[in-house]
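Working notes, beginning with the structure itself.
The values are calculated or read from the model by the stated rules, or taken from the named source; none is laboratory data. On a predicted model such as this, the values are computed, not experimentally measured, just so you know. Positions of Cβ are backbone-derived with ideal geometry, glycine not excepted, and every protein chain shown enters the neighbour counts. Quick note on the areas: whole protein, heavy atoms, side chains included, nothing else; ligands and nucleic acids left out. Shrake-Rupley method; radii C 1.70, N 1.55, O 1.52, S 1.80 Å.
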Amino acid sequence: MTLPEVRLTEPVGRSGAPLVVLGHSIGTGPLIWEQVIPPLAAEYRVALLTLPGHGSAPVPADGFTFAELADAVAEGIRGIAESHVRYAGVSIGGALALELALRHPDLFDGVAAIASAAQLGGSDHWNERAALVRSQSTSVLVGPSSRVWFGPNSVANQPDLSGRILHALQDTPDEGYARCAEALGTFDVRDRLGEIRVPVLAMGGEFDTVGPEEAQDEIVAGVPHGRKVMIADAAHQPPAEQPEAVARELLAFFAEVER
């Protein structure tokens, strides 16, 4: 089995501190975390994950399952740290939080699933999305995503970053997006949440329709060690929309799992 290739940046931050890995949403990139990195790096070493076919990560030649994607991410993380890792991811990155906690519990002290769910749409939805992108390019997603990704005030509050995020979507290779979409269609841990022993933070955005509060409630009700926090005035990209609130909640959660 050949795992898809991901990229992890060299950690930045406090020397000798535990590692924090940050994962992005499909069609974006690590830029969604830009304003969250400084406060996290003051306490931890921070590495940024790039998904297959996004940014510097090569477009996969073959398809892969979500479990294989999680294994690829875990393999990359083990090249930096063998244990006591904290992970936080958005949307597909949040789904990875749950899959990593299931498949590689020895690696993580705690994971945060942000704007995500125990299932994000199902195979039919994501296979149709992949076909759409292959036929019309990721540009066809920019308009709909701009309405779903950001809360009512987010674009006005973060005009530069929100614009760059939408440009990142347009610039994402069509096949890279499609491969990740198809993998996300294989993700469903609703019946396995009770197996997760790693502490989980389920973080939702007030206006998110993709991973609404009900999805966060389902995660917390299913895992043995979980809690929920909702981020006001955010939708599907909380780290970009409300970076101070997201950083504050992540720091509190990471401190909890350390104790």
Check: What 222 nm value per residue comes from the helices of the chain, counting each DSSP H run with n ≥ 4 as -39,500 (n - 2.57) and dividing by all residues, nearest 500 deg cm²/dmol?
Finding: -12500 deg cm²/dmol
Checklist line | Packing-based order for 127-133, 210-216, using average beta carbon neighbours within 10 Å, highest first | finding: 210-216, 127-133
Next item on the list: Obtain the nm distance between the two label points defined at residue 135 and residue 75 by a simple spin-label model: each point lies 7 Å from its Cα along the Cα-to-C-beta direction.
Entry: 3.4
Notebook entry, point to check: How much area per residue is accessible in the chain when the probe is 1.4 Å and only protein heavy atoms are counted (Å²)?
Noted result: 39
Item checked: Solvent-accessible surface ranking, highest first, for 43, 75, 10 at 1.4 angstrom -> 10, 75, 43
Notebook entry, point to check: How do 257, 200 rank by accessible surface area computed with a 1.4 Å probe, from largest to smallest?
Noted result: 257, 200
Notebook entry, point to check: Based on the Cβ-Cβ distance of residue 157 and residue 41, what FRET efficiency does E = 1/(1 + (r/R0)^6) give at R0 = 25 Å, to the nearest 0.05?
Noted result: 0.65
Item checked: Beta bridges by DSSP in the chain, antiparallel share as percent, to the nearest 5 -> 15
Notebook entry, point to check: Once both labels are modelled 7 Å past Cα along the beta-carbon direction, what's the residue 217-residue 232 spacing in nm?
Noted result: 2.1
Next item on the list: Take the alpha carbon gyration tensor of region 142-205, find the square roots of its eigenvalues, order them as a ≥ b ≥ c, and report rounded if a/c is under 1.5; if not, report prolate when a/b exceeds b/c, else oblate.
Entry: oblate
Check: On average, how much area does the Cα convex hull of the chain cover when viewed from any direction, in nm²?
Finding: 12.0
Check: If you find the alpha carbon centre of region 206-220 and of region 120-199, how far apart are they in angstrom?
Finding: 16
Next item on the list: Determine the dipole magnitude for the chain: charges of +1 sit on the beta-carbon of Lys and Arg, -1 on that of Asp and Glu, nothing else is charged, the reference point is the Cα centre, and the result goes in debye to the nearest 20.
Entry: 320
